[in-house]
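Engineer: Below is the structure I would like to discuss, written out as structure tokens.
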């Protein structure tokens with residue numbers, strides 16, 4: 001009896017646990033956040049979770065800190081991604097160029113930063129960046145170079161944070177690109193060499209175009225991670241000095257867990273989610289066109 | 001063949017029995033120590049377990065070894081969970097918002113969160129709990145109790161009080177032929193004279209981080225004649241007095257302060273001072289140990305403490321209750337929780353936490369007792385006593401305190417970086433006014 005029921009409903013029953021999980025852990029929170037973004041829920045203002053229409057979104061449009069956060073997020077993401085992509089691909093090409101002894105050791109060492117916990121990384125860099133007692137400025141001072149403020153200056157804070165992100169995540173790009181390089185067919189390279197192409201010609205006309213799908217996947221992964229970077233920024237600056245490293249994620253966190261404006265924070269999250277999804281779809285779509 | 005029963009059979013049996021015993025409902029009294037030292041009537045709450053959530057703070061360090069006394073006397077078990085300040089706040093808010101918390105007693109920061117928590121109905125009014133004449137509620141300083149009383153509700157019992165004071169390097173002032181600054185003008189002049197950036201010697205250090213700086217900036221603001229808002233709830237962040245205060249505080253940090261001051265809360269600022277890199281430092285009286293304890297500070301023997309310098313409006317520092325002990329309104333053990341709160345804030349225990357643990361409390365009788373002040377340096381006690389009439393708030397008294405601090409601190413940050421602080425203060429004033437209006 002039960003066996004027959006199972007047999008007849010196999011295609012519903014077997015995926016059911018996964019479906020329930022996805023609904024509970026992804027669809028429900030998303031839907032609830034969307035609902036909250038149209039509510040005035042705030043503990044500090046004493047407002048309950050009731051519908052107020054698109055007011056939160058309207059308020060966001062004139063919120064200077066929101067636009068500042070959008071700018072900081074894009075600035076951080078663009079800078080970090082471009083540096084990581086260029087460096088990551090370059091390192092992968094270097095590692096792939098020639099076989100030499102200890103190649104695997106070098107690769108393993110390169111991957112070490114990725115293994116570290118971001119909060120621990122943040123703490124270590126925080127100490128190194130310290131303008132008076134930090135090791136970086138000590139070395140710079142010994143060499144006779146000027147000592148920047150690093151994360152304590154409003155102009156230098158985002159490049160400094162990017163430096164940490166680059167240190168930690170460039171190896172990821174390298175790893176993906178190395179895998180991509182290993183999977184490339186050898187015929188086009190041989191043909192190009194027979195035709196007398198130089199290294200740079202092969203790199204620009206053969207290797208990179210063939211690698212493009214791989215690089216775009218690596219770029220997409222890094223984009224999503226960069227735009228939602230939280231741990232290193234929160235751990236090192238908390239959005240400061242002033243608001244000069246306050247990204248959308250940090251601002252949302254402040255609104256939710258320091259100001260207790262849950263409705264407003266939800267609206268921020270919905271906008272954030274839209275940006276990430278939009279750009280991801282764009283990249284996926286353009287990738288498909290590239291491959292055709 | 002002789003079969004030996006393996007030892008784990010025995011272990012399993014013992015564990016099973018233990019599990020079953022754990023499942024059986026046992027009357028609380030049965031779990032009380034069976035020694036018979038006290039009759040059940042003396043321990044009405046024996047067997048109760050209280051969940052106490054607090055901060056990593058000297059008070060927690062001072063009270064923890066004393067908990068055994070309380071447990072022995074009442075049979076109540078106290079579980080103390082300690083968190084960092086921010087984590088504590090988030091933990092409490094999350095648990096209370098979810099509505100399923102089993103927290104009984106918690107440490108509150110009255111000025112930071114009492115309004116929002118009171119508005120959300122999370123505090124049990126402690127007035128009835130402390131009405132017992134033996135407890136002597138009147139003995140607690142009026143100002144301190146005023147801080148924890150919100151909208152007529154006694155949200156917590158003050159356990160830690162603090163004032164803003166001036167820490168200074170005796171040797172450096174002496175070498176420069178300067179006396180201890182008693183006015184803000186003298187403070188600025190001394191900071192300038194004692195700055196020698198080439199040798200990493202900075203005349204002045206204080207908090208420069210956006211939100212943390214607001215409380216220590218407050219005494220500058222008050223002494224210059226300013227305040228956060230007036231009696232009509234009009235924001236006063238951009239009045240001439242406030243602008244002068246912002247300019248003074250920011251100029252001193254920019255010109256005479258260490259690099260990177262924008263990222264400094266008190267742990268970073270106190271480190272600069274304790275390493276001997278700063279001459280003058282204004283901050284809370286409660287962190288004196290970081291400066292005056294030879295184990296934590298290389299300049300302990302050369303550091304003095306003075307009352308906050310006077311501005312045009314006089315020497316107006318804050319004098320606040322920084323921590324209180326509160327009861328969750330949803331607690332299932334309110335009577336036992338009340339017993340604990342009364343015990344922890346009783347004269348006898350405060351004499352220990354203050355006199356031996358060096359946590360400045362709010363009981364006047366303890367301050368009057370030489371044993372209550374014995375743990376503190378003499379000039380510190382003098383400076384604190386001279387601050388008795390300070391203002392009872394070190395941040396704006398609004399519900400959305402954190403947001404208000406970010407708005408105000410953001411403007412001060414612009415000033416510290418040398419930006420157009422008048423424009424920043426005007427903008428901050430408008431934002432703060434909007435916040436005030438939304439709370440009407």
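Engineer: Which residue out of A:240, A:263 is in a loop (DSSP other than H, G, I, E, B) and surrounded by 20 or more Cβ atoms within 10 Å (Cβ to Cβ)?
Structural biologist: Sole residue among the options that is in a loop (DSSP other than H, G, I, E, B) and surrounded by 20 or more Cβ atoms within 10 Å (Cβ to Cβ): A:240.
Engineer: Further, regarding this structure: Of the residues that make up the range A:153-170, is at least one within 14 Å of another protein chain (Cβ to nearest Cβ), touching a helix residue (DSSP H, G or I) at 6+ places or on another chain (Cβ under 6 Å), outside any helix (DSSP H, G or I) and touching a residue at least 40 places away in the same chain (Cβ under 8 Å)?
Structural biologist: So far as the range A:153-170 goes, no, none of its residues is within 14 Å of another protein chain (Cβ to nearest Cβ), touching a helix residue (DSSP H, G or I) at 6+ places or on another chain (Cβ under 6 Å), outside any helix (DSSP H, G or I) and touching a residue at least 40 places away in the same chain (Cβ under 8 Å).
Engineer: Considering the range B:247-272 alone, what residues qualify as being surrounded by 21 or more Cβ atoms within 10 Å (Cβ to Cβ), within 14 Å of another protein chain (Cβ to nearest Cβ) and closer than 22 Å to residue B:319 by Cβ?
Structural biologist: Hits for the range B:247-272 are B:269, B:270.
Engineer: If you scan the range B:94-111, which residues turn out to be at pLDDT below 90 and within 12 Å of chain A (Cβ to nearest Cβ)? Quick ask: steps written out before the conclusion?
Structural biologist: Residues of the range B:94-111 at pLDDT below 90: B:94, B:97-101.
Once the filter is applied, which keeps residues that are at pLDDT below 90 and within 12 Å of chain A (Cβ to nearest Cβ), the range B:94-111 yields B:94, B:97.
Engineer: Spot the failing condition for residue A:146; the list is (1) farther than 19 Å from residue A:245 by Cα; (2) within 14 Å of chain B (Cβ to nearest Cβ); (3) surrounded by 12 or more Cβ atoms within 10 Å (Cβ to Cβ), and only one is missed.
Structural biologist: (3)
Engineer: Residues to consider are B:359, B:384; find the one that is within 21 Å of residue B:326 (Cβ to Cβ), touching a helix residue (DSSP H, G or I) at 6+ places or on another chain (Cβ under 6 Å), crowded, with 22+ Cβ neighbours inside 10 Å and more than 14 Å from chain A (Cβ to nearest Cβ).
Structural biologist: The unique qualifying residue is B:359.
Engineer: Something else about it: Considering (1) away from chain B (no Cβ under 14 Å); (2) more than 20 Å from the chain's Cα centre (by Cα); (3) within 29 Å of residue A:66 (Cα to Cα), say which one residue A:260 fails and leave the rest.
Structural biologist: The one condition residue A:260 does not meet is (1).
Engineer: Okay, moving on. Could you list, in sequence order, the residues of the range B:200-211 that are within 12 Å of chain A (Cβ to nearest Cβ) and over 9 Å from residue B:265 (Cβ atoms)?
Structural biologist: Across the range B:200-211, the qualifying residues are B:200, B:201, B:202, B:205, B:210.
Engineer: Name the single residue, out of those in the range B:95-147 being assigned to a strand (DSSP E or B) and more than 15 Å from the chain's Cα centre (by Cα), that is farthest from residue A:46 (Cα to Cα). Working first, answer last.
Structural biologist: Step one: filter the range B:95-147 for residues assigned to a strand (DSSP E or B), giving B:105-108, B:123, B:140.
With more than 15 Å from the chain's Cα centre (by Cα) added as a condition, the list becomes B:105, B:123, B:140.
On the way: B:105: 23, B:123: 15, B:140: 31 Å.
Here the answer is B:140.
Engineer: Could you tell me which numbered condition residue B:173 fails, if it satisfies all but one of (1) surrounded by fewer than 18 Cβ atoms within 10 Å (Cβ to Cβ); (2) in the same structural domain as residue B:402 (by TED's automatic domain parsing)?
Structural biologist: Answer for residue B:173: the failing condition is (1).
Engineer: Continuing with the same structure: Consider residue A:225 carefully, then state whether it is in contact (Cβ under 8 Å) with a residue 40 or more places away in the chain, within 17 Å of the chain's Cα centre (by Cα), surrounded by fewer than 18 Cβ atoms within 10 Å (Cβ to Cβ) and more than 14 Å from chain B (Cβ to nearest Cβ). Steps first, answer last, please.
Structural biologist: On the way: in contact (Cβ under 8 Å) with a residue 40 or more places away in the chain: yes; within 17 Å of the chain's Cα centre (by Cα): yes; surrounded by fewer than 18 Cβ atoms within 10 Å (Cβ to Cβ): yes; more than 14 Å from chain B (Cβ to nearest Cβ): yes.
Against the criterion (in contact (Cβ under 8 Å) with a residue 40 or more places away in the chain, within 17 Å of the chain's Cα centre (by Cα), surrounded by fewer than 18 Cβ atoms within 10 Å (Cβ to Cβ) and more than 14 Å from chain B (Cβ to nearest Cβ)), residue A:225 qualifies.
Engineer: Answer yes or no: is there a residue in the range B:221-240 that is within 12 Å of chain A (Cβ to nearest Cβ) and farther than 20 Å from residue B:407 by Cβ.
Structural biologist: no
Engineer: Here's something else I'd like to know. Please go through (1) modelled with pLDDT under 95; (2) within 14 Å of another protein chain (Cβ to nearest Cβ); (3) touching a helix residue (DSSP H, G or I) at 6+ places or on another chain (Cβ under 8 Å) for residue B:292 and return the number of the only condition it doesn't satisfy.
Structural biologist: Of the numbered conditions (1) modelled with pLDDT under 95; (2) within 14 Å of another protein chain (Cβ to nearest Cβ); (3) touching a helix residue (DSSP H, G or I) at 6+ places or on another chain (Cβ under 8 Å), the odd one out for residue B:292 is (2).
Engineer: I need a count of the residues in the range B:141-159 that are touching a residue at least 40 places away in the same chain (Cβ under 8 Å) and surrounded by fewer than 24 Cβ atoms within 10 Å (Cβ to Cβ). Let's see the steps before the verdict.
Structural biologist: As a first pass, look at the range B:141-159 and keep what is touching a residue at least 40 places away in the same chain (Cβ under 8 Å): B:141, B:143-148, B:150, B:155-159.
After this cut, where a residue has to be surrounded by fewer than 24 Cβ atoms within 10 Å (Cβ to Cβ) as well, the list is B:141, B:143, B:145-146, B:150.
Result for the range B:141-159: 5.
Engineer: In the set B:311, B:260, B:226, which member is in contact with a helix residue (DSSP H, G or I) (Cβ under 7 Å, 6 or more places away or on another chain) and over 24 Å from residue B:193 (Cα atoms)?
Structural biologist: Of B:311, B:260, B:226, the one residue that is in contact with a helix residue (DSSP H, G or I) (Cβ under 7 Å, 6 or more places away or on another chain) and over 24 Å from residue B:193 (Cα atoms) is B:226.
Engineer: Mind listing just one residue for me: the one in the range B:396-425 that is more than 10 Å from chain A (Cβ to nearest Cβ) and under 23 Å from the mean Cα position of the chain (by Cα) and, of those, modelled with the lowest pLDDT?
Structural biologist: Among those residues, the one meeting the criterion is B:397.
Per-residue answers, yes or no, for (1) in a loop (DSSP other than H, G, I, E, B); (2) at pLDDT 90 or above; (3) within 38 Å of the chain's Cα centre (by Cα); (4) surrounded by fewer than 17 Cβ atoms within 10 Å (Cβ to Cβ):
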| position | (1), (2), (3), (4) |
| --- | --- |
| B:4 | yes, no, no, yes |
| B:9 | no, no, no, yes |
| B:12 | no, no, no, yes |
| B:19 | no, no, no, yes |
| B:30 | no, no, no, yes |
| B:33 | yes, no, yes, yes |
| B:59 | no, yes, yes, no |
| B:70 | no, yes, yes, no |
| B:80 | no, yes, yes, yes |
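Engineer: Given the condition over 24 Å from residue B:65 (Cβ atoms) and surrounded by fewer than 21 Cβ atoms within 10 Å (Cβ to Cβ), answer yes or no: does some residue in the range B:338-351 qualify?
Structural biologist: For the range B:338-351, residues over 24 Å from residue B:65 (Cβ atoms) and surrounded by fewer than 21 Cβ atoms within 10 Å (Cβ to Cβ): absent.
Engineer: While we're on this one: For the structure I just gave you, tell me whether residue A:233 is away from every other protein chain (no Cβ under 14 Å) and either touching a residue at least 12 places away in the same chain (Cβ under 8 Å) or farther than 30 Å from residue A:54 by Cβ (or both).
Structural biologist: no
Engineer: Hey, another quick one. Please determine whether any residue of the range A:233-243 is under 15 Å from residue A:37 (Cβ atoms) and modelled with pLDDT of 90 or more.
Structural biologist: No, the range A:233-243 contains no residue that is under 15 Å from residue A:37 (Cβ atoms) and modelled with pLDDT of 90 or more.
Engineer: May I pose another question? Testing residue B:300 on (1) in contact with a strand residue (DSSP E or B) (Cβ under 7 Å, 6 or more places away or on another chain); (2) more than 14 Å from every other protein chain (Cβ to nearest Cβ); (3) surrounded by fewer than 22 Cβ atoms within 10 Å (Cβ to Cβ), one condition comes back false. Which one is that?
Structural biologist: Among (1) in contact with a strand residue (DSSP E or B) (Cβ under 7 Å, 6 or more places away or on another chain); (2) more than 14 Å from every other protein chain (Cβ to nearest Cβ); (3) surrounded by fewer than 22 Cβ atoms within 10 Å (Cβ to Cβ), the lone unmet condition for residue B:300 is (1).
The values are calculated or read from the model by the stated rules, or taken from the named source; none is laboratory data. Computed from a predicted structure; not experimentally measured. Cβ: placed from backbone, ideal geometry, glycine included. Neighbour counts: every protein chain shown.
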